[in-house]
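*Asks:* Pasting a structure here, questions to come.
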Amino acid sequence: MPNERQHKASRLRVLISGFGPFLDEKINPSEHIVHFVNSCDSHVVSSLAVRAVVLPLEFDKAFDRLKAQL
C-alpha cells in the first residue's frame, strides 16, 4: 500500500494560468479564475493537485514565472 509521500507524488498536477491586465484595464477576466481557484479550501480533488498563477504579459517574465511553478 503506498504511503502518503508516494500518493502525493502520483497525483496529476494541474496548473491553471491567467494573465495580468491588458493596456489600461484594471483586471484581466482570467485573473478571476486564478483568484477563485486559489481561494478554495482544498486544491486536491481526488487524484488532482490544482494550483493557479497569474502570469505577466511580458513573454520573458511570464515564462520565468511559469517555470517557477512547474
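*Asks:* To the nearest 0.05, how large is the calculated FRET efficiency for residue 10 and residue 51 if R₀ is 25 Å and r is the Cβ-Cβ distance?
*Replies:* Computed FRET efficiency for residue 10 and residue 51: 0.90.
*Asks:* Would you pull out the residues with amide H under 5 Å of residue 20's amide H, same chain only if 5 or more places away, H placed 1.01 Å from N?
*Replies:* Distant-sequence amide H within range of residue 20: 55, 57.
*Asks:* In terms of modelled amide H atoms, which long-range or inter-chain residues lie less than 5 Å from the amide H of residue 49?
*Replies:* Under 5 Å from the amide H of residue 49 lie the amide H atoms of 12, 13, 14, each far enough along the sequence or on another chain.
*Asks:* In sequence order, what are the phi-derived ³J(HN,Hα) couplings for segment 53-70 according to the Karplus relation 6.51 cos²θ - 1.76 cosθ + 1.60 with θ = phi - 60°, rounded to whole Hz, with x for glycine and proline?
*Replies:* 9, 9, 9, x, 6, 6, 3, 4, 5, 5, 5, 4, 5, 5, 4, 5, 8, 7
*Asks:* Moving on. Can you work out the Karplus-derived ³J(HN,Hα) for every residue in segment 21-26? Use 6.51 cos²θ - 1.76 cosθ + 1.60 with θ = phi - 60°, whole Hz, and x for glycine or proline.
*Replies:* x, 8, 6, 8, 5, 7
*Asks:* Starting from the Cα of residue 33, move 7 Å in the Cα-to-Cβ direction to define the label point; list residues of segment 50-70 whose amide nitrogen is under 20 Å from there.
*Replies:* Taking a point 7 Å out along Cα→Cβ of residue 33, the residues of segment 50-70 whose backbone N falls under 20 Å are 50-59, 62-70.
Where a number appears in this text, it was derived from the coordinates with a stated rule and is not lab data. All values reported here derive from a predicted model rather than from experimental measurement. In this analysis, Cβ positions are derived from the backbone assuming ideal geometry, glycine residues included, and neighbour counts consider all displayed protein chains.
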